[in-house]
Number of protein chains: 2
Amino acid sequence: MSRRKLLGTAGLGALAAGVAGAGAGYAAADTSPPPVAADPHALPIPFEGVHQAGIVTPAQDRLYFVALDLTTEDRDSLIALLKQWTAAARQMTQGNDVGEMGAVSGSPYSPPEDTGEALGLPPSGLTITIGFGRGMFVDAKGRPRFGLDGKLPDLLADLPPFVGDRLDPALCGGDLAIQACANDPQIAVHAIRNLVRIAFGRATVRYSQMGFGRTSSTSSAQVTARNLFGFKDGTANIKVEQKKDVDDFVWVHEQDGPDWLVGGSYLVTRKIDMRIEIWDRESLEGQEASIGRAKGSGGPLSGGDEFAAIDLAAKGDDGEPAIAERSHVRLAHPDVNHGAKLLRRGYNFVDGSNGLGQLSAGLFFIAYQRDPVQQFVQIQRSLAGSTRDLLNEYIVHVGSGLFACPPGVGRDGYWGDKLFA
Amino acid sequence: MSRRKLLGTAGLGALAAGVAGAGAGYAAADTSPPPVAADPHALPIPFEGVHQAGIVTPAQDRLYFVALDLTTEDRDSLIALLKQWTAAARQMTQGNDVGEMGAVSGSPYSPPEDTGEALGLPPSGLTITIGFGRGMFVDAKGRPRFGLDGKLPDLLADLPPFVGDRLDPALCGGDLAIQACANDPQIAVHAIRNLVRIAFGRATVRYSQMGFGRTSSTSSAQVTARNLFGFKDGTANIKVEQKKDVDDFVWVHEQDGPDWLVGGSYLVTRKIDMRIEIWDRESLEGQEASIGRAKGSGGPLSGGDEFAAIDLAAKGDDGEPAIAERSHVRLAHPDVNHGAKLLRRGYNFVDGSNGLGQLSAGLFFIAYQRDPVQQFVQIQRSLAGSTRDLLNEYIVHVGSGLFACPPGVGRDGYWGDKLFA
C-alpha cells in the first residue's frame, strides 16, 4: 500500500510528467516561478531550491498553519527533528507517503509511518515552509537555547504593540512555525498532522489555523481573490514576476545577515478577526471609502481599473480626496511608508460562530519580507488605531507571530542546516 | 456590478451552457442525478425539484452548515423569512447575487444586498438544503409555536441519549438548520452568511461548522474519499444510482406522513471528535481490525476489493471472525440492524487545536433517512458504548441534531410552503 501506487496508472503518468517538469524547474528555481498547472491538484512543487517554496510560489487555494513550542532542550534532538521533518516534507510535497504504511521493521504491531488520509491523492501543489521564532534562540530570560549563542537575528525581536491590538497569548508566538499550502485542504492537513506527529516528545502545538481562500495573488497569472469583506485583496501585492521587488523586499541579503538567514525571509502572521455583521450593515459607499477601492472592479477610487495606479492626490467632485485620508489603501501605500512593500499570502478563515451567534471569521494575514521593522512594523504603525485606518472599526488583531524562515535546502540539506553548521 | 457580469463573457458562456443542462435536468429531477461536470466549479445545480437538492446530489467537496434559533414568535414573520431565504437560495445556487450590490432603492447609503465575496465566482455546484427542528414546532414546554399545532412529525422527537455521548448543548439542536455544499468553500460560506444576514432580527446562529473533505460518495461516479483516520469512508453508502434504496431509505412516503413532509427526509447531524493522536499510535493491524477494512484498498477483511460484499461469517487462519465482532463495519452493517441503511454525506473538519496541543478534528456526520428511529437510532445503538464499536476508543460525539427537511420547491414555491399552507 502506498500513495503513489493507489493513484493508479493515469495518476502516475500525470505525476511523472509533473515531476519531470519539477526537475527542470529546480535547476532554474531562482529565476523562474513554477508553472501554474492546468490541473492544480496534479502539480508537484519542487521542495529543494535556493529559497524555500511557499513564499513566492503562486499562492495555492488552501492553508493549514501551525505554531509549535519546543519541549526538548537538547540540541541534537532539535537537529534530528529538523532532519526528520525535512525528509518527510521532501516526500509529501512530491506526493509520496511520509514512510511505510504497513509493517515497519517487519512488525504488523507498529503504527503506520503515514497517517493515510492522503492515500490516492496527488500532491495538489503542496508547499511546506518553516520559520524559526525568537523562542528557539533564547528563553524567556534571554538565555541562549540549543547552543544558538550569537545566532539570533537582531530583527527577530518581538513585534511592538500596536494601538488597538487585542492579542490572545494562546494565538501568538511559537518557537517554530510551519505553513502548509495546497490546492486541497486534506493535503495541507495531512502534511501538518504528520509533521506534528513526528515531533512527539520534542515539540507541541501552540495553535493551528485553517484557511480556505487565498487573499493575495503572488503571481500576475493569478486572478485577485476576495476577502470576507467582499473586496479584492492583494491587488498591489508583490508578484513573483516583479523580480526587482522580490529581490529588494522579500529575501534577506548578505549585507543584512546573519549568514545562516541569507536567502531566507521574515514571516509575519496576524490573525485578524472581522466584525462581519457590522461591516455588512455599512453602505456600499462607506465600505468603498474605508478601503479606497471600488468593490466590484477593485479599481482605486481615484479612477481606472483594478491595476490602475493609485492617485493619492486626486480630488472628487466635492474637492475632497478621492482616496480618503484614512482609507486603507492610502495608509498602506508605499508612498506614505518610506517605500515599504510586503509580499502577502493571507487566507480567509471561518472558525464557526462565537457564543453571540456571530461569525468567527476573518483574515489570517501572512507576509514575507526582508526586514520586518522597515516593512510590516512601518506599515502597521500607519494603519493601527481608531484615528487611523477606517477599517479598524471592523477588524481586530487577535493573534501575532514573527519567524525567521531559513533559505531553501539542497539535495542533502535540512531545514536550518546553515544555522546549526 | 454583479456576479454574472464580473464572470466575463467566457464565464457567462459556460454558465449559460450549464443552466441549459440544468433546465433539462429539472424536468427529470426525480429520476436522474445531475451530471458530474468536467469543471466542478462551473456546475450549477438546479434549485427547484420534487426533492431538495443537496441530499442525493453527488456530494460536493466542501460544507458550511449552520443551526439557527428563531427569535421571532410571529408566524407571518417566519413565513416571510422562509420566502426571502428561498428567493436568495434560488439566486445563489445559480451563480447570481442575492440582490443588488450597489444603490438599493436608489440610495448609495444602503448596505449592498449581497456581501460580495462571491463576485466573479461561478456557482461551484452550490446546493442549499433546509431542515426544520422540533423547536420550530413546539417550545420547551411542548406548546405549539407559529400556529403549527398538529404539524409536528412524530419522528421529530429528540434523539435518545447514546452510551458514551459527551454532547455540548451549544453544539446541539436548533430550530432550523441550513446545509450549504459547494466545491469552493468561499461559495458555501457566502451562501450561509447571506442567509444568516437576511434572518437578522428573526433568527440567530446557534452554531456553525466548516467541513473540508466529503467522506461519503453519494454517486457511484465518485471516488470514495478518506476520513481523518486515513480510511475510505462511505464505501457502502447508498448511491443515487441505487434507485430502490434511495426510495426505500431516503424519502418520506405518503404512508409515512405527515403530508407536508412527503418527498422530504430526516437529517441527523453528529459532530464526532476524533482522538487523532491516540489513533495515530495504533498499529495498522489494530486500525484495520477496528474498522473491519484494509486501510489501503478499503476492501473488507473478509476479502476482496473495496466494493466486495462483506462476509460477516468468514473466519481467519486463526479461526476467529475475519471481521471482528466489535468492528465498525460489522456493527453498522444492515444485517445486524434489521436491514437499516443511511444516506450519509459527512465532512472532515479541523477546527484548529485544543488547549492541549491536540488537533480539534474529526467528522461532521450527516445522514438523510426516511425514519430516524429505524435507521440512525437503530444503527447508533448498535455502535455506541465502550463494549461495542472498537472505534469508540478513538471518537466521541460532541454535537447532535435532528431536522425534518421538507420536499423540494416548485417554480413559485418556498421552503416549507406545504407546512404553512
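What number goes with the only condition from (1) surrounded by 21 or more Cβ atoms within 10 Å (Cβ to Cβ); (2) modelled with pLDDT of 95 or more; (3) assigned to a loop (DSSP other than H, G, I, E, B) that B:HIS253 does not pass?
The failed condition is (1).
Select from the range A:211-247 the residues that are assigned to a strand (DSSP E or B) and of a type in the set (Gly, Ala, Ser) and list them in ascending order.
Across the range A:211-247, the qualifying residues are A:GLY211, A:GLY213.
A:SER220: more than 10 Å from every other protein chain (Cβ to nearest Cβ) and either touching a residue at least 60 places away in the same chain (Cβ under 8 Å) or more than 26 Å from A:GLY99 (Cα to Cα) (or both), yes or no?
yes
Given (1) buried (at least 24 other Cβ atoms within 10 Å of the Cβ); (2) farther than 30 Å from A:PHE200 by Cβ; (3) hydrophobic (A, V, I, L, M, F, W, C), identify the lone condition not met by B:PHE229.
Condition (2) is where B:PHE229 drops out.
What are the residues in the range A:88-113 that are within 11 Å of A:ASN194 (Cβ to Cβ) and either at the interface with another protein chain (Cβ under 8 Å from one of its Cβ atoms) or modelled with pLDDT of 95 or more (or both), if any?
If the condition is that a residue be within 11 Å of A:ASN194 (Cβ to Cβ) and either at the interface with another protein chain (Cβ under 8 Å from one of its Cβ atoms) or modelled with pLDDT of 95 or more (or both), then A:ALA88, A:ALA89, A:GLN91, A:MET92, A:PRO112 are the ones that fit.
Restricting to the range A:363-379, give me the number of residues that are part of a helix (DSSP H, G or I) and in contact with a Lys or Arg (Cβ under 8 Å, 6 or more places away or on another chain). Give the derivation first.
Residues of the range A:363-379 part of a helix (DSSP H, G or I): A:373-379.
In the following step, the residues that additionally are in contact with a Lys or Arg (Cβ under 8 Å, 6 or more places away or on another chain) were identified as A:375.
Residues that pass the stated criteria total 1.
Of all residues in the range A:402-421 being aliphatic (A, V, I, L, M) and either surrounded by fewer than 17 Cβ atoms within 10 Å (Cβ to Cβ) or over 20 Å from A:ASP168 (Cβ atoms) (or both), which is modelled with the lowest pLDDT?
Restricting to residues being aliphatic (A, V, I, L, M) and either surrounded by fewer than 17 Cβ atoms within 10 Å (Cβ to Cβ) or over 20 Å from A:ASP168 (Cβ atoms) (or both), the top hit is A:ALA421.
Considering only residues that are surrounded by fewer than 22 Cβ atoms within 10 Å (Cβ to Cβ) and either within 18 Å of A:ILE366 (Cβ to Cβ) or of a type in the set (A, V, I, L, M) (or both), which ones fall in the range A:139-157?
Of everything in the range A:139-157, those that are surrounded by fewer than 22 Cβ atoms within 10 Å (Cβ to Cβ) and either within 18 Å of A:ILE366 (Cβ to Cβ) or of a type in the set (A, V, I, L, M) (or both) turn out to be A:ALA140, A:LEU148, A:LEU152, A:LEU155, A:ALA157.
For the range B:355-369, what are the residues that are more than 12 Å from the chain's Cα centre (by Cα), surrounded by 21 or more Cβ atoms within 10 Å (Cβ to Cβ) and not aliphatic (A, V, I, L, M)?
B:GLY362
Looking at the range A:257-282, which of its residues are farther than 24 Å from A:HIS333 by Cβ, in contact with a Pro (Cβ under 9 Å, 6 or more places away or on another chain) and either assigned to a loop (DSSP other than H, G, I, E, B) or acidic (Asp, Glu) (or both)?
Within the range A:257-282, A:GLY257, A:PRO258, A:VAL262, A:GLY263, A:GLY264, A:ASP280, A:ARG281 meet the criteria.
Name the single residue, out of those in the range A:380-401 being part of a strand (DSSP E or B) and in contact with a helix residue (DSSP H, G or I) (Cβ under 7 Å, 6 or more places away or on another chain), that is surrounded by the most Cβ atoms within 10 Å (Cβ to Cβ).
A:GLY399
With (1) closer than 15 Å to A:LEU402 by Cα; (2) touching an Asp or Glu at 6+ places or on another chain (Cβ under 9 Å) as the list, and A:ARG202 as the residue in question, which single condition is left unmet?
All conditions are met except number (1).
Starting from residues that are surrounded by fewer than 24 Cβ atoms within 10 Å (Cβ to Cβ) and out of contact with any strand residue (DSSP E or B) (no Cβ under 7 Å at 6 or more places or on another chain), keep the ones in the range A:179-215 and report whichever is nearest to the other protein chains (Cβ to nearest Cβ).
By that ranking, first place goes to A:ARG197.
Kindly provide the set of residues from the range A:360-376 that are of a type outside the set (Gly, Ala, Ser) and closer than 23 Å to A:ALA59 by Cβ, ordered by number.
Scanning the range A:360-376 gives A:LEU363, A:PHE364, A:PHE365, A:ILE366, A:TYR368, A:GLN369, A:ARG370, A:ASP371, A:PRO372, A:GLN375, A:PHE376.
Checking the condition buried (at least 20 other Cβ atoms within 10 Å of the Cβ), small (Gly, Ala, Ser) and within 14 Å of another protein chain (Cβ to nearest Cβ), which residue from A:GLY298, A:GLY352 passes?
Just one listed residue meets the conditions, A:GLY298.
Among the residues of the range A:309-333, count how many are over 19 Å from A:GLY385 (Cα atoms), surrounded by fewer than 15 Cβ atoms within 10 Å (Cβ to Cβ) and under 30 Å from the mean Cα position of the chain (by Cα).
The total comes to 1.
Would you check if B:ARG293 is more than 14 Å from every other protein chain (Cβ to nearest Cβ) and either surrounded by fewer than 17 Cβ atoms within 10 Å (Cβ to Cβ) or under 24 Å from A:ARG193 (Cβ atoms) (or both)?
No; evaluated as a whole, the condition is false for this residue.
Please go through the range B:355-403 and pick out each residue that is polar (S, T, N, Q) and within 13 Å of chain A (Cβ to nearest Cβ).
Across the range B:355-403, the qualifying residues are B:GLN358, B:SER360.
Yes/no matrix, rows are residues, columns are (1) more than 30 Å from A:ASN392 (Cβ to Cβ); (2) modelled with pLDDT of 95 or more:
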site: A:MET136; (1), (2): yes, yes
site: A:LEU167; (1), (2): no, yes
site: A:ALA170; (1), (2): no, yes
site: A:ALA177; (1), (2): no, yes
site: A:ARG193; (1), (2): yes, yes
site: A:VAL205; (1), (2): yes, yes
site: A:ARG214; (1), (2): no, no
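When the range A:137-156 is examined, which residues are found to be touching a residue at least 60 places away in the same chain (Cβ under 8 Å), more than 25 Å from A:GLN378 (Cβ to Cβ) and in contact with a Pro (Cβ under 9 Å, 6 or more places away or on another chain)?
Hit for the range A:137-156 is A:LYS151, nothing else.
What number of residues within the range B:371-410 satisfy the criterion of being among the acidic types (Asp, Glu) and within 19 Å of B:LEU152 (Cα to Cα)?
So the answer is 1.
Assess whether A:ALA118 counts as being in contact with a helix residue (DSSP H, G or I) (Cβ under 7 Å, 6 or more places away or on another chain) and within 12 Å of chain B (Cβ to nearest Cβ).
In short, yes.
The values are calculated or read from the model by the stated rules, or taken from the named source; none is laboratory data. For clarity, every value in this text was computed on a predicted model and none was experimentally measured. So basically every Cβ, Gly included, is an ideal-geometry build from the backbone, and we count neighbours across all protein chains shown.
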